[in-house]
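Novice: The structure that follows is given in the form of structure tokens.
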Amino acid sequence: MNAMLHEANPVDAAPLEARGLTHCYEGGNVLCGVDLALQPGSVLGLIGRNGAGKSTLIRGMLGLLEPLSGAAFVFGEPALKLSDPAKARLAYVPQQPEALAWLTAQQMLDYVGRFYPRWDAAFVRTTLERWKIQPNKLLAKLSPGERQRVDLIRALASQPELLVLDEPAAALDPVARRELLREVALRAGENGTTVLFSTHIVSDLERVASEIAFLHEGRLLLRCGVDEAKERYARLWLPAAASFTAPIPSLSRRRHDDGSLSLVVARDARGHWPEAASLPGARVDALGLEDLFVEIAE
Amino acid sequence: MTSFLQLLMLPWMAWSQRTRRIIVWTLLVVLCPAIAGYVLLWRSAGAGPGLAHGLAVLDCLFWAAVVPRALVLANEARRLRLPVLERAAAISTVLYAALTIALPAAVVAILLAIGRRGWRAFWCQPHPVLPHG
């Protein structure tokens with residue numbers, strides 16, 4: 001909507017950027033002014049519960065839906081009016097790959113490949129073989145996992161500079177998931193491909209992501225490096241007697257039946273925990289990514 | 001992928017090979033008898049409306065085979081953010097729409113001209129393929 005008003009400079013532009021994206025379905029806000037920009041070569045894992053707005057954010061960032069307010073840019077171009085050269089640098093795998101289902105895997109890949117200047121036909125051939133996908137089977141007759149893999153081959157064969165995967169591992173078995181993550185990590189490492197992928201599988205994030213963004217109820221609660229998230233955030237537990245102290249800034253807060261309080265807190269600029277951590281009986285527990293995710297999401 | 005021929009081919013290439021074969025055979029089955037009938041009747045007064053009717057049928061077949069596919073392609077290309085295809089499919093649809101209007105319009109114009117000059121005056125002239133005998 002406001003895309004033309006916020007036109008960015010394509011030279012210095014981030015591969016993918018959202019500025020104040022807001023969207024709602026049937027009166028309920030799905031995205032509430034989300035700002036998110038990907039740096040070239042970064043692998044950003046977008047994490048959140050089902051219905052948190054991950055897919056809507058991705059679709060908004062790619063110009064697949066018109067936001068109520070805010071704007072999105074791909075390589076500096078307004079996402080709603082992407083040029084063909086910009087589209088050729090981008091590959092997107094939707095959560096449910098249903099496109100071109102009347103073709104066989106090979107036909108679809110051959111057809112789509114014509115539109116990409118850097119299409120890697122050899123990669124298609126070898127990966128179809130390696131992933132044991134029958135090239136002459138109709139896409140409509142493949143299992144969801146196989147279709148997702150064919151769509152991933154389509155995305156990777158175009159040798160994109162920006163790869164956007166919406167829940168890419170949702171229909172994959174653990175072996176296929178690991179292969180996919182390896183491929184993504186390889187692309188990011190060797191070719192400098194910028195990757196945005198959404199997931200609710202935390203272990204996937206830890207394998208490949210350099211950064212995480214945590215989306216909760218349409219708001220971006222947290223954006224930081226994976227290692228930084230583990231070091232910077234912790235669970236502060238305060239016994240009932242100490243739980244009514246002055247307000248402590250926290251990402252989440254949960255009061256237990258016995259009156260004790262659990263909070264997710266962050267270190268300050270000097271690397272110190274909030275003062276409440278030194279109260280008698282207070283305890284600071286380190287959090288893994290999964291714990292952090294659960295604590296914030298609950 | 002923007003030359004005239006490529007735009008014409010675009011919706012066809014999106015059909016599977018098997019479906020393309022079926023469409024071609026259907027067209028042949030409809031076209032061959034139509035052409036044969038036209039050749040047999042070509043000098044009779046009923047040939048003009050027959051030709052117009054045949055073209056209308058052909059138009060319908062083209063619309064049924066090509067246009068939905070082009071529209072679906074444009075939609076799929078948009079959903080996947082594929083380059084070129086969305087625009088090319090839209091242009092291809094417009095092109096086929098124009099052709100399906102332009103071709104019958106040309107035939108109608110010819111038939112009107114025939115109506116004015118008389119059917120025999122228009123057709124009963126030396127013909128390179130079927131010489132007047």
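The values are calculated or read from the model by the stated rules, or taken from the named source; none is laboratory data. None of the values given here were measured: they were computed from a predicted structure. Quick reminder, even Gly has a Cβ in these numbers, built from the backbone with ideal geometry, and neighbours come from all protein chains shown. Heavy atoms of the whole protein, side chains included, go into the accessibility calculation; ligands, DNA and RNA do not. Shrake-Rupley method; radii C 1.70, N 1.55, O 1.52, S 1.80 Å.
Novice: Of everything in region A:57-95, what is closer than 23 Å to A:Leu289 by Cβ and of a type outside the set (A, V, I, L, M, F, W, C)? Give them in sequence order.
Specialist: Listed by number, the list holds a single entry, A:Gln95.
Novice: Residues of region A:109-160 being assigned to a loop (DSSP other than H, G, I, E, B), surrounded by fewer than 15 Cβ atoms within 10 Å (Cβ to Cβ) and of a type in the set (Ser, Thr, Tyr), which ones?
Specialist: Passing the criteria: only A:Ser143.
Novice: Identify all residues within region B:1-33 that are outside any helix (DSSP H, G or I) and within 11 Å of chain A (Cβ to nearest Cβ); write none if there are none.
Specialist: Passing the criteria: B:Met1, B:Thr2, B:Ala14, B:Trp15, B:Ser16.
Novice: Check A:Ala169, A:Ala234 and return the single one that is among the small types (Gly, Ala, Ser), crowded, with 16+ Cβ neighbours inside 10 Å and within 19 Å of the chain's Cα centre (by Cα).
Specialist: Exactly one of A:Ala169, A:Ala234 is among the small types (Gly, Ala, Ser), crowded, with 16+ Cβ neighbours inside 10 Å and within 19 Å of the chain's Cα centre (by Cα), namely A:Ala169.
Novice: Here's something else I'd like to know. For region B:7-17, which positions are modelled with pLDDT under 80 and open to solvent by 60 Å² or more (accessible area, probe 1.4 Å)?
Specialist: Matches in region B:7-17: B:Gln17 only.
Novice: From the list A:Val43, A:Val34, A:Val30, which residue is more than 30 Å from B:Met13 (Cα to Cα), open to solvent by 20 Å² or more (accessible area, probe 1.4 Å) and β-branched (Val, Ile, Thr)?
Specialist: After ruling out the rest, the residue left standing is A:Val30.
Novice: Does A:Asp257 satisfy the criteria of being open to solvent by 30 Å² or more (accessible area, probe 1.4 Å), free of Cβ contacts under 8 Å to residues at least 12 places away in the same chain and not in a helix (DSSP H, G or I)?
Specialist: yes
Novice: Give the number of residues within region B:96-111 that are farther than 15 Å from B:Ala52 by Cβ and surrounded by 17 or more Cβ atoms within 10 Å (Cβ to Cβ).
Specialist: Of the residues in that region, 1 qualify.
Novice: Within region B:77-95, how many residues are crowded, with 21+ Cβ neighbours inside 10 Å and either in a helix (DSSP H, G or I) or of a type in the set (A, V, I, L, M, F, W, C) (or both)?
Specialist: Result for region B:77-95: 9.
Novice: Among what's in region A:79-124 and is in contact with a Gly (Cβ under 6 Å, 6 or more places away or on another chain) and touching a residue at least 60 places away in the same chain (Cβ under 8 Å), pick the residue that is farthest from the other protein chains (Cβ to nearest Cβ).
Specialist: Top of the filtered list is A:Leu80.
Novice: I've got another one for you. Go through region A:237-254 and report how many residues are open to solvent by 50 Å² or more (accessible area, probe 1.4 Å) and touching a helix residue (DSSP H, G or I) at 6+ places or on another chain (Cβ under 7 Å).
Specialist: So the count comes out to 2.
Novice: Further question on the same structure: Which number in (1) closer than 27 Å to A:Ala297 by Cβ; (2) open to solvent by 40 Å² or more (accessible area, probe 1.4 Å); (3) away from chain B (no Cβ under 13 Å) marks the one condition that A:Asp204 misses?
Specialist: (2)
Novice: Okay, next question. Among the numbered criteria (1) under 18 Å from A:Arg118 (Cα atoms); (2) within 14 Å of chain B (Cβ to nearest Cβ), which one does A:Leu165 miss?
Specialist: Failed condition: (1).
Novice: Would you point out the residue of region A:59-78, among those that are open to solvent by 30 Å² or more (accessible area, probe 1.4 Å) and over 17 Å from B:Asn75 (Cα atoms), that is farthest from the other protein chains (Cβ to nearest Cβ)?
Specialist: Ranking the candidates gives A:Ser69 first.
Novice: Condition check: open to solvent by less than 10 Å² (accessible area, probe 1.4 Å) and in a strand (DSSP E or B). Does A:Leu221 satisfy that?
Specialist: Judged against the criteria, A:Leu221 is not a match.
Novice: OK, next. Is it the case that region A:262-283 has a residue that's within 28 Å of A:Gly28 (Cβ to Cβ) and either touching a residue at least 60 places away in the same chain (Cβ under 8 Å) or open to solvent by 30 Å² or more (accessible area, probe 1.4 Å) (or both)?
Specialist: No: region A:262-283 contains no residue that is within 28 Å of A:Gly28 (Cβ to Cβ) and either touching a residue at least 60 places away in the same chain (Cβ under 8 Å) or open to solvent by 30 Å² or more (accessible area, probe 1.4 Å) (or both).
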